[in-house]
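The block underneath contains the structure these notes are about, expressed in structure tokens.
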Amino acid sequence: MYYKNQGDDMNTFFKWAIPVVGIALAASTQSNAQERDRTKIPEKYKWNLADLYPTDNDWRNAKDTLKASLTKISQYTGTLGASAEQLYQCLDLVSQISKELERLYSYASMGLDQDTRVQTYLGMQQEMTQIFAEFSARASFIEPEILRIEPATIEQFLKQKSELGVYKHYLYDILRRKAHTGTEGEERIIAEAGLMADAPETIYSIFANADFPYPDVTLSDGSTVKLDNSGYTIHRASPNRADRQKVFETFFGKLDEFHRTYGTQLNAQVKKDLFYKNARKYSSCLESALDANNIPPQVYQTLIENVDKNLPTFHRYLKLRQRMLGVDQLHYYDLYAPLVKDVDLKYSYEEGQKLILDALKPLGKHYLEVAQKAFNERWIDVYPTEGKRSGAYSNGSAYDVHPYILLN
């Protein structure tokens, strides 16, 4: 559902969010980067979910209120073509419910991402999955009903009620996807399938972040380190080649012990993608995945073709790396090794922030103010800790609050 624009601050923030991830990862001090007990990480390095809801009880109260409001959607069944006002009221109600759903889900999912071993937030996330499925089922009549309205009538409605203009793109997109929209009954079944759709991703996340037995390895200097995703990323770049090889073999050796489990999870994801591809009448899973953003498959295929055409440049780089490292054969564990000896740059997280702000100065005062708010008001969760979701992301789904960034 299309959301009304609440201002430019958050949209602006996203333009620099991804560079922040890369720079801030490199800016971590070794001491904080190695501390895995979340209770020992200073609050200023942890995001503040209270901006979404002050407490878990506030979240539950908001969730119960939202769930009760879902019944309001059905009052618009069969009426969307009656008038511009009726169509607007329906879309506006669904938009408001969608935003609150996203906010509730963000709180639960990011609470879980802090420590995927905590069952409370896992249960809250599962509750939201059920409510999302119920919401989608209740709203499943909307798009088929809009498709029964003559396009000329839609245009007339847009002229009659200016407030409806905020949903113009959404309405046009429904018309664009007409061939892939089912009947009301079919749309309801597809919506109900949402109860199962997140299972592959959820199982993977809990296994990879909470239950996987990441191994320890003893390096040449006698130190013992845990090779979780963050530890592996750090130590695969060791200047000692024997250490890099040991890190590589230990980390991937442990992953290989569970290749059947990972393979089964991947198979579940493929089955899910096939279901939606068939239910929506797409010719391929690729087309199904790209069409939500109106991207032709040829765009993706062209990207792949151009990568293939330019592989000789990459191969040249690999040969140059091999020569600079002075090795007879370049292995995968050599790809992240430092190329220049005796250069070991480390920055504190605060120094990393300063580098970012300096780099953003040409973009203006307002831009810097938003970036500074992100740092000062704890929009960012910085360091890896036990059970924390691996990887990094920028989450803007809490539309009326602010984005959150997860780092490791």
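The values are calculated or read from the model by the stated rules, or taken from the named source; none is laboratory data. Just so it is clear, the model here is predicted, and its values are computed rather than measured. Note that we place each Cβ from the backbone using ideal geometry, even for glycine, and neighbour counts take in every protein chain shown. Remember, those area values only see protein heavy atoms, side chains included, never the ligands or the DNA or RNA. Shrake-Rupley method; radii C 1.70, N 1.55, O 1.52, S 1.80 Å.
Stokes-Einstein diffusion coefficient for the range 244-386 at 37 °C in a medium of 0.692 mPa s, Rh from the Kirkwood formula over Cα pairs: what value in µm²/s?
In µm²/s, the coefficient is 155.
If I take every Cα pair under 8 Å that is 6 or more residues apart in the chain, average their sequence separation and divide by the length, what percent do I get for the relative contact order?
RCO, the chain: 30 percent.
Where is the GNM fluctuation largest for the chain (alpha-carbon springs, 10 angstrom cutoff): 364, 81, 391?
364
If I compute solvent accessible area with a 1.4 Å probe over the protein chains, what percent of it on the chain is carbon and sulfur?
For the chain, the apolar C and S fraction of the accessible surface comes to 54 percent.
Given points 7 Å out from each Cα along the Cα-Cβ axis, report the residue 43 to residue 134 separation in nanometres with one decimal.
Between residue 43 and residue 134, the label points sit 3.5 nm apart.
Go through (i) 43; (ii) 58; (iii) 50 and flag the label whose value is the computed percent of Cα pairs over 29 Å apart for this structure.
Recomputing percent of Cα pairs over 29 Å apart here gives the entry labelled (ii).
Connecting C-alpha atoms closer than 10 Å in a GNM of the chain, tell me which of 148, 244, 38 has the biggest fluctuation.
148
Looking at the chain as a GNM with Cα springs under 10 Å, which of 389, 176, 117 has the largest mean-square fluctuation?
176
Any aspartates and glutamates with Cα under 17 Å of the residue 44 Cα? List them, leaving off those in the same chain fewer than 8 positions away.
35, 350, 351, 377, 381
So for the range 231-349, if I pair up every lysine 8 or more residues apart or on another chain, how many of those pairs have alpha-carbons under 22 Å apart?
6
Using only the Cα atoms of the range 260-321, build the gyration tensor, take square roots of its eigenvalues as a ≥ b ≥ c, and label the shape rounded, prolate or oblate: rounded if a/c is under 1.5, else prolate if a/b is larger than b/c, else oblate.
Since a/c reaches 1.5 but b/c is at least a/b, the shape of the range 260-321 is classed as oblate.
What is the sum of charges around residue 293, taking Lys and Arg as +1, Asp and Glu as -1, for the other residues whose C-beta is under 14 Å from the C-beta of residue 293?
With Lys, Arg at +1 and Asp, Glu at -1, the neighbours total -1.
How many Å² of accessible area per residue for the chain, probe 1.4 Å?
54 Å²
Expressed as an acute angle from 0 to 90° and rounded to the nearest 10, what is the orientation of the C-alpha long axis of helix 9-27 relative to the principal long axis of the chain?
That helix lies at roughly 20 degrees to the long axis.
Work through the residues other than residue 57 whose Cβ is under 13 Å from its Cβ and net out their charges, Lys, Arg +1 and Asp, Glu -1.
-1
For residue 311 and residue 79 in one chain, what is 0.36 nm times their gap in residues minus the Cα-Cα distance, to one decimal in nm?
Gain on stretching residue 311 to residue 79: 77.9 nm.
For the Cα atoms of the chain, what angle does the longest principal axis make with the long axis of helix 84-114, in degrees from 0 to 90, nearest 10?
The angle comes out at about 20 degrees.
What is the angle, in °, between the Cα long axis of helix 297-309 and the longest principal axis of the Cα atoms in the chain? Nearest 10 is fine, range 0 to 90.
The helix 297-309 is inclined about 20 degrees to the chain.
Setting aside same-chain residues fewer than 8 positions from residue 72, which lysines have a Cα under 25 Å from its Cα?
In chain and number order, the partners are 4, 63, 99, 161, 168.
Starting from the eigenvalues of the Cα gyration tensor, five times each then square-rooted, give me the equivalent ellipsoid semi-axes of the range 191-266, largest first, whole Å.
Whole-Å semi-axes of the equivalent ellipsoid: 32, 11, 10.
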